[in-house]
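Written out below as structure tokens is the structure these notes cover.
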Ligand code: C5P
């Protein structure tokens with residue numbers, strides 16, 4: 001890999017680490033915060049808007065790249081035709097598969113953060129390190145040394161320890177009230193969603209990496225446009241219309257929205273585009289290690305900001321000890 005690629009990979013990994021540390025916290029808070037005008041926002045609309053945001057950013061970069069290669073005097077219609085031709089090239093359908101998988105993963109992520117506290121979600125979500133390694137070995141013919149597999153198993157052990165039920169533990173104090181029809185946490189549902197999301201994360205990530213690295217004809221940003229474009233359909237038809245359509249028709253698409261929700265969506269979109277950069281310049285396994293480091297940062301931030309105390313099997317805010 002040329003040095004400039006290492007530098008981009010390094011910068012993308014560091015940024016992804018910081019973005020991930022903030023995303024889980026803000027997503028979780030957006031699900032448990034006081035209702036906005038008596039309404040909780042629909043996660044299907046957030047998943048859809050996340051794709052719209054990524055499509056807009058990726059299209060902007062794709063236009064900019066095409067203009068740079070065709071020359072600054074190229075007319076807008078020539079540019080548009082060129083970008084359109086690249087996006088709908090003969091193999092663009094290949095991105096419909098990860099698009100459907102990622103839409104499902106993004107929806108499951110909301111189910112998980114709605115039913116687990118942020119720390120439990122973030123740590124259990126690291127199961128994707130194992131699923132990604134398995135898919136990388138089987139689909140990309142990668143070999144992992146015994147040392148690396150052992151490291152993965154240690155990581156899984158850490159995940160298991162954090163999942164041990166602790167009675168009146170950290171997840172309980174975050175339980176949202178249900179008296180006014182608000183969110184009620186269901187830990188089993190949350191954990192099941194995480195496990196399925198991890199399997200999908202590994203499969204979709206490795207598939208995307210394979211498509212990206214198998215053909216160098218199409219740029220990273222065009223691949224991102226394709227991915228977001230195909231993601232719009234399941235996000236709109238299965239999520240917004242089929243799942244929540246009846247309720248949305250009554251209270252409106254943006255019901256329950258405030259700046260917290262918009263921030264959560266923006267962080268998710270930026271995090272998603274960073275995934276693409278990291279996978280392109282490094283690989284999926286490196287991407288997951290960046291996320292693991294984000295847990296440590298997030299944990300350190302909790303200790304510092306919320307005065308969390310560490311016990312043998314859990315951590316609590318100072319006031320609950
Ligand atoms: O947790 P994981 O790292 O698997 O998350 C992948 C996330 O990145 C998903 O939300 C997916 O929509 C997003 N993504 C993206 N663009 C890519 C690859 C992934 O937005 N090219």
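The values are calculated or read from the model by the stated rules, or taken from the named source; none is laboratory data. Values in this document were obtained by computation on a predicted structure and should not be read as measured data. In this analysis, Cβ positions are derived from the backbone assuming ideal geometry, glycine residues included, and neighbour counts consider all displayed protein chains.
Before we move on, is residue 236 within 9 Å of the ligand (Cβ to nearest atom) and crowded, with 18+ Cβ neighbours inside 10 Å? Answer is no for this residue. Output yes when any residue across segment 240-257 is within 12 Å of the ligand (Cβ to nearest atom), more than 16 Å from the chain's Cα centre (by Cα), buried (at least 17 other Cβ atoms within 10 Å of the Cβ) and in a helix (DSSP H, G or I), and no when none is. The answer is no, given that none of the residues of segment 240-257 is within 12 Å of the ligand (Cβ to nearest atom), more than 16 Å from the chain's Cα centre (by Cα), buried (at least 17 other Cβ atoms within 10 Å of the Cβ) and in a helix (DSSP H, G or I).
Scanning segment 113-156 for residues that are in a helix (DSSP H, G or I) and closer than 17 Å to residue 288 by Cβ yields a count of 27.
Inclusion of residue 58 among residues that are touching a residue at least 60 places away in the same chain (Cβ under 8 Å), buried (at least 17 other Cβ atoms within 10 Å of the Cβ) and within 13 Å of the ligand (Cβ to nearest atom) is warranted. Contact map, segment 69-93: first residue over 14 Å from residue 224 (Cα atoms), second residue exposed (fewer than 12 other Cβ atoms within 10 Å of the Cβ), Cβ cut-off under 6 Å, separation 6 or more or different chains; the map is empty. When residue 81 is tested against (1) modelled with pLDDT of 95 or more; (2) in contact with a helix residue (DSSP H, G or I) (Cβ under 9 Å, 6 or more places away or on another chain); (3) surrounded by fewer than 21 Cβ atoms within 10 Å (Cβ to Cβ), only condition (2) is not met.
Yes or no, residue by residue, for (1) under 30 Å from residue 193 (Cβ atoms); (2) over 30 Å from the mean Cα position of the chain (by Cα); (3) not in a helix (DSSP H, G or I):
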residue: 54; (1), (2), (3): yes, no, no
residue: 65; (1), (2), (3): no, no, no
residue: 68; (1), (2), (3): no, yes, no
residue: 85; (1), (2), (3): no, no, no
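The condition of being modelled with pLDDT of 95 or more and buried (at least 18 other Cβ atoms within 10 Å of the Cβ) does not hold for residue 275.
In this structure, residue 62 does satisfy being in contact with a helix residue (DSSP H, G or I) (Cβ under 8 Å, 6 or more places away or on another chain) and within 30 Å of residue 253 (Cα to Cα).
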